[in-house]
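Participant: Input: one structure, supplied below.
The values are calculated or read from the model by the stated rules, or taken from the named source; none is laboratory data. The structure displayed is predicted, hence computed values, not measured ones. Note that we place each Cβ from the backbone using ideal geometry, even for glycine, and neighbour counts take in every protein chain shown.
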Amino acid sequence: MASAMRSMVALKRGYATAASSVKAPIQLNSLTGTYATSTYLAALKKSPKDLEALAKDIEAFDKKIKDDAKVSAFIQNPTLSASERSSALSSVVPSGSSPILLNLLTVLSENGRLSSAPKVFADFNSLIAAYRGELEVVVTSAEPLDNKALNRLDKALKDTEIAKGKTLKVVNRVSDYASSGTKPRGQSRRRE
């Protein structure tokens, strides 16, 4: 009898460890990171093809939030009831989209966190970039860098230890504050 119980416990443990064979490439320590990681793992457990399809759907929906004022207002509106959000979600999400995307948005809506969707999408994109072996390098400058400078940066960074085996994406962000030496409003140069 005791040996039968031990084998049952071992069997249960075996199932528990088998379920965790799929892991996220990086750990995100935030609430939005938890939603993004769960979404990533749900898609990857289905197949890598489903994960790539979901990544495209999330990218398209994130763009829709930024471009369409009505969708953005809906996402940011905390006053809608659960039934209103549910019915509006089905009309806002394109019909050919991944069911995992609709499920993510439904869960965010039910938990009152629909306004966090863009942050969840950004975290999901970080997971996808790590999955694909991409490394994004953000270079902030006072004026846009020309292609020659970006290529030199790319070449120099490829030789670093952290970039080995990864695809580099060098992003140039222009900041007015980089040239003037001033800080954005609300930040003091001195401690008082």
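Participant: Is one or more of the residues making up the stretch 104-121 among the small types (Gly, Ala, Ser), assigned by the TED database to the domain that holds Leu51 and surrounded by fewer than 16 Cβ atoms within 10 Å (Cβ to Cβ)?
Facilitator: The first filter runs over the stretch 104-121 and keeps only residues among the small types (Gly, Ala, Ser), leaving 109, 112, 115-117.
Applying the additional criterion that residues be assigned by the TED database to the domain that holds Leu51 yields 109, 112, 115-117.
If we keep only those that are surrounded by fewer than 16 Cβ atoms within 10 Å (Cβ to Cβ) too, we end up with 112, 115.
The answer is yes, given that some residue of the stretch 104-121 is among the small types (Gly, Ala, Ser), assigned by the TED database to the domain that holds Leu51 and surrounded by fewer than 16 Cβ atoms within 10 Å (Cβ to Cβ).
Participant: Quick one: which helices (runs of 4 or more DSSP H) sit completely within the stretch 97-162 and have at least 2 residues that are more than 18 Å from the chain's Cα centre (by Cα)?
Facilitator: Of the helices (runs of 4 or more DSSP H) lying wholly inside the stretch 97-162, those with at least 2 residues that are more than 18 Å from the chain's Cα centre (by Cα) span 147-158.
Participant: Give all pairs with beta carbons closer than 7 Å in which a residue from the stretch 125-152 that is under 30 Å from Lys45 (Cβ atoms) meets a residue that is β-branched (Val, Ile, Thr) and modelled with pLDDT of 85 or more; count only pairs at least 6 apart in sequence or on separate chains.
Facilitator: Pairs found: Ser126/Ile26; Leu127/Ile26; Leu127/Thr37; Ala130/Ile26.
Participant: If I go through the stretch 69-98 residue by residue, how many of them are under 13 Å from Ser109 (Cα atoms) and loosely packed, with under 13 Cβ neighbours inside 10 Å?
Facilitator: Number of matching residues: 8.
Participant: Inside the stretch 32-49, can you point out the residues that are farther than 12 Å from Val107 by Cα and among the small types (Gly, Ala, Ser)?
Facilitator: Once the filter is applied, which keeps residues that are farther than 12 Å from Val107 by Cα and among the small types (Gly, Ala, Ser), the stretch 32-49 yields Gly33, Ala42, Ala43, Ser47.
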